[in-house]
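Worksheet for the structure shown next.
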Amino acid sequence: KNPQTDKIQTKTFESKDYEEVKAETLKILEDLNKNKSVQILEKMSEKKNDLILPQMAKYLTHKSGDISVPAQHRKARSENYILEIEAIFKNFLKCSNNIMGLNTSLLKVQDVDRKHVGIYYEFLNKEMGYSGRSINKSIGCFRGFYNHLIQYEKLNVSNEFLGIVKKPVVYTPQVITSEEFKQLLEVINYDNGNAKCNGEKQNRNYYYPN
């Protein structure tokens, strides 16, 4: 019986020799077992794709611009950027494990429903005491992660991080006087204009003469 078509298939042996028929029968059984094994492996692979931990690992690899990522999707990012995503993932797993009592090694991407996201949101706000900016960054990270699962990994999941209203952010800019600004312009030149910003790996010269 063919498991794909649900039809029964028969086989007529041309040889009348017992040993030849026996050998051919064993070959058919071997092929059937191979097909069955392939189906089992495919199902196991599908189940593994649903687990959130392997998907998080794949996402970090993708974001790091690893050589295994297709060239059209590859983008070099700073080490700090990757470490920040990793820290956000760890906090989510900590919430899922410690607060919700879930076994994160068995947690599937489909299991993260609206209720789960709500508990995580409260965890960031109350347990972690995060600022509005940090909460927005964490939610934004998971919004991007689930968009990646849907658009790149082609998984049939819903993104429950969409539509979450951003928390207000209080900015405390550093202010300098006009005299201090003029003094700063006087000492900056091409030779000392090199700096690393936002976790960049290499120095860039930020000096631009008028």
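Annotations for the structure displayed:
- Scanning residues 5 or more positions from K108 or on other chains, those with amide H under 5 Å from its amide H are I52, with H placed 1.01 Å from N in the peptide plane.
- Taking a ≥ b ≥ c as the square roots of the eigenvalues of the alpha-carbon gyration tensor, the stretch 38-165 is classed oblate because a/c is 1.5 or more while a/b is no larger than b/c.
- As a calculated quantity, the FRET efficiency between I176 and N103 at R0 = 30 Å, using C-beta atoms, amounts to about 0.05.
- Net length gained if the chain between K94 and L53 were fully extended (0.36 nm per residue, minus Cα distance): 13.5 nm
- Spin-label model distance (nm) - N189 vs E79, 7 Å beyond Cα toward Cβ: 3.3
- Among the listed pairs K94/K167; K90/K167; K94/K115; K58/K167; K137/K182, a Cα-Cα separation exceeding 27 Å is found for K58/K167; K137/K182.
- Residue-level accessible surface for Y152, protein heavy atoms, 1.4 Å, Å²: 70
- Relative contact order, percent, the stretch 77-168 [alpha-carbon distance under 8 Å, six or more residues apart]: 26
- Cut-off 13 Å between beta-carbons: net charge of the residues surrounding I150, Lys and Arg +1, Asp and Glu -1: 0
- Simple spin-label estimate for I150 and K137 gives 2.5 nm between the two label positions (7 Å along the Cα-to-Cβ direction from each Cα).
- Approximate spin-label separation V69-M128, in nm, with each point projected 7 Å along Cα-to-Cβ: 2.2
- Listed peptides 139-146, 86-93 by packing density, highest first (mean Cβ within 10 Å): 139-146, 86-93
- Our coupling estimate for the stretch 80-88, obtained by passing each phi through the Karplus curve with A = 6.51, B = -1.76, C = 1.60 and θ = phi - 60°, is 4, 4, 5, 5, 5, 4, 4, 5, 5 Hz, Gly and Pro reported as x.
The values are calculated or read from the model by the stated rules, or taken from the named source; none is laboratory data. The shown structure was predicted, so the numbers you read here are calculated from the model rather than taken from an experiment. Every residue, glycine as well, gets a Cβ built from its backbone with ideal geometry; the counts of neighbours run over all protein chains shown. Note: areas computed on protein heavy atoms with side chains; ligands, DNA, RNA excluded. Shrake-Rupley method; radii C 1.70, N 1.55, O 1.52, S 1.80 Å.
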